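Data block below; observations after.
The values are calculated or read from the model by the stated rules, or taken from the named source; none is laboratory data. Source: prediction; values computed, not measured. Here Cβ is always computed from backbone atoms with ideal geometry, including for glycine, and neighbour counts include all displayed protein chains.
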């Protein structure tokens, strides 16, 4: 959904910021095809190495997707020229960077006119107490115990306070406007527990979008 909303099409140049182990970047590679170009960028070298290894384990359909250029880099200071990409995705990453406003401004900078940025993450539903309670219960009853059983408790126990401190959908739209985007809409998904901000850079859309 995020890849589609980002406008990734055959032949597009796409960037996945905070790519982690590379799953969204792989979806972008399939969407843009062999004529396209995909960069996966993450601050953590170990995650880039894991993403590179996972890509090597995806032989099926390799001729029908772009190769991914894996880079170590900072979301708040992207190592790319202005107007380098047609589509930018950030999945479960913007909430975790030191300066989300700076990261959005960088996404805007590297997008070509008419390009789109899709930001997928948990939805801060503090304005809906009932839904907020459901989200809290799901994390405490299912997500965190599963992570603890896998020896990953600390990595997931932070989720609840992190989400509570994150921007609401409306605040994400406002942040996109501050970054320069001409239009931004936050879509509630996953019964409202998740959300995807779709922000558009003013100008003529890239070819094929």
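From the list 150, 136, 141, 146, which residue is more than 16 Å from residue 190 (Cα to Cα) and surrounded by 12 or more Cβ atoms within 10 Å (Cβ to Cβ)? On inspection, the qualifying residue turns out to be 146. Could you go through the range 131-142 and let me know if any residue there is in contact (Cβ under 8 Å) with a residue 60 or more places away in the chain and either over 21 Å from residue 75 (Cα atoms) or out of contact with any helix residue (DSSP H, G or I) (no Cβ under 8 Å at 6 or more places or on another chain) (or both). Yes. Taken together, the residues in the range 171-192 that are in contact with a strand residue (DSSP E or B) (Cβ under 7 Å, 6 or more places away or on another chain), farther than 24 Å from residue 32 by Cβ and surrounded by fewer than 18 Cβ atoms within 10 Å (Cβ to Cβ) amount to 2. Summed over the range 168-181, residues that are in contact with a helix residue (DSSP H, G or I) (Cβ under 9 Å, 6 or more places away or on another chain) and without any contact (Cβ under 8 Å) to a residue 60 or more places away in the chain total 1. In the set (1) over 29 Å from residue 4 (Cβ atoms); (2) part of a helix (DSSP H, G or I); (3) free of Cβ contacts under 8 Å to residues at least 12 places away in the same chain, residue 146 fails one condition alone, (1).
Listed here are the residues, each with its yes/no results for (1) in contact (Cβ under 8 Å) with a residue 60 or more places away in the chain; (2) loosely packed, with under 14 Cβ neighbours inside 10 Å; (3) farther than 20 Å from residue 8 by Cα; (4) in contact with a strand residue (DSSP E or B) (Cβ under 8 Å, 6 or more places away or on another chain).
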position	(1), (2), (3), (4)
31	no, no, no, yes
41	no, no, no, yes
53	no, yes, yes, no
56	no, yes, yes, no
66	no, no, no, yes
69	no, yes, no, yes
77	no, yes, yes, no
81	no, yes, no, no
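Meeting the requirement of 3 or more residues that are under 14 Å from the mean Cα position of the chain (by Cα) and either modelled with pLDDT of 95 or more or in the same structural domain as residue 174 (by TED's automatic domain parsing) (or both), the helices (runs of 4 or more DSSP H) wholly within the range 13-120 are 23-32, 100-110. Would it be correct to say that residue 121 is buried (at least 19 other Cβ atoms within 10 Å of the Cβ) and either without any contact (Cβ under 8 Å) to a residue 60 or more places away in the chain or in contact with a helix residue (DSSP H, G or I) (Cβ under 6 Å, 6 or more places away or on another chain) (or both)? Here the answer is yes, as residue 121 does meet what is asked.
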